[in-house]
Amino acid sequence: MANWHLSTNPETALTRILPTHSPFFTFPSHPSQSKWVHPQVRDNTVLPINPKTKEYTQSLIHLPPNNSYSLFIRVLTVPSPPFAAGFVVYRGERLVHSGTTRAPTCLGALLQALLQGLMYASFSIRIFIPDRSTCASAFLTSKHPFLFLSCAIIDQMILFLSAHPLHIINFYRYSVKWAGLPGKTVFQEFMEQEQHIIFPIPPPSLLRPKDILIQDLQEEYIQTIRAARIWQSITLPDGRPPPFIQGALSQKDHCTYTAAGQLASRHTFHKPYSDDF
């Protein structure tokens, strides 16, 4: 076991997935008040998506009032931790704010995106989320893994709603597969950026696939300890079999090919081998 000094703080596999700043501690509410509610907040995500609700939600997305704000959040990266989520805020049809978040879990990334988007306050805001669980976790005040994020989101909504009696917040559920969604280009740029950060893609090679394979074989050949007798008969790979194999294959006889391998490796042709087996 290594004895690290406290000031060193070495990075480990566990600390890489932890957030940069430790979340503040929050006491859960009483079991009888496990969910936060407010008269100026409407959770429309509880409604099932059917042709009627889908048409209504799409009309709100495509024809937004100029004085209202729309917040869209969605997951950016493939299902593998760490996860990334993005958000865009529109005033009418004009993009006014956007950003990305990262977290060890998909739900954590979405809740962080929701929190950051809510910090851009407005007269009224409509929030579009991709799944029902995000909204359910945002309102949940009982004990759960994202209680600190839920409390921060609730505090932000209370701050926004108390600023003016006419402020309202509406939550809607939408599908990222719907056509004509705003922010499609922004989300695509975020997705490419986050995937390059989380899953770095090496630069494309100028070699052909066959040349890449030969190069890998040559590197493996050079790094291998070639003390065994068999390596006297194997040359640096160049895309062709070793010379003794080429000679055996030219006879077009399976027995000759098998004998060539046995002779090169001294397989079954020396006494220690026979003694062992």
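Laboratory data are not the source of any read-out in this text; all were calculated from the coordinates shown. Because the structure is predicted, anything quoted here is derived from the model rather than measured. Reconstructed Cβ throughout: ideal geometry from the backbone, glycine too, with neighbour counts over all protein chains shown.
Listed values, structure above:
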{"item": "Rounded to whole Hz, the Karplus (6.51, -1.76, 1.60) HN-Hα couplings of segment 213-223, x for glycine and proline", "result": "4, 5, 4, 5, 5, 5, 5, 5, 5, 5, 7"}
{"item": "Between segment 165-191 and segment 225-263, the alpha-carbon center distance in angstrom", "result": "63"}
{"item": "Exposure proxy order (Cβ contacts within 10 Å, fewest to most) of Asp43, Asp131, Asp253", "result": "Asp253, Asp131, Asp43"}
{"item": "Net length gained if the chain between Glu55 and Glu189 were fully extended (0.36 nm per residue, minus Cα distance)", "result": "45.5 nm"}
{"item": "Fewest-first ranking of Ser175, Ser80, Ser70, using other Cβ atoms within 10 Å as the exposure measure", "result": "Ser80, Ser175, Ser70"}
{"item": "Aspartates and glutamates with Cα under 14 Å of Lys35, excluding same-chain neighbours fewer than 8 positions away", "result": "Asp43, Asp155"}
{"item": "Hz values of 3J(HN,Hα) by residue in segment 168-176 - Karplus curve (6.51, -1.76, 1.60), Gly and Pro given as x", "result": "9, 10, 10, 9, 10, 9, 9, 10, 5"}
{"item": "³J(HN,Hα), Karplus 6.51/-1.76/1.60, whole Hz, each residue of segment 56-68, x for Gly, Pro", "result": "5, 5, 5, 5, 5, 6, 7, 10, x, x, 5, 9, 10"}
{"item": "Stretchable slack from Leu249 to Leu263, in nm (0.36 nm times residue separation minus alpha-carbon distance)", "result": "3.6 nm"}
{"item": "Cut-off under 5 Å, modelled amide H: who pairs with Ile127 long-range", "result": "Leu71, Asn170, Phe171, Tyr172"}
{"item": "Nonlocal amide H pairs with Arg74, under 5 Å, H built at 1.01 Å", "result": "Gly86"}
{"item": "Residues Leu63, Leu115, Leu110 arranged by fewest to most Cβ contacts within 10 Å", "result": "Leu63, Leu115, Leu110"}
{"item": "Positive minus negative residues near Gln195 (Lys, Arg vs Asp, Glu; Cβ under 15 Å)", "result": "-1"}
{"item": "Nonlocal amide H pairs with Ser142, under 5 Å, H built at 1.01 Å", "result": "Ser29"}
{"item": "Over 29 Å (Cα to Cα) - which of Lys177/Lys210; Lys52/Lys177; Lys210/Lys252; Lys52/Lys184 fall in this group", "result": "Lys177/Lys210"}
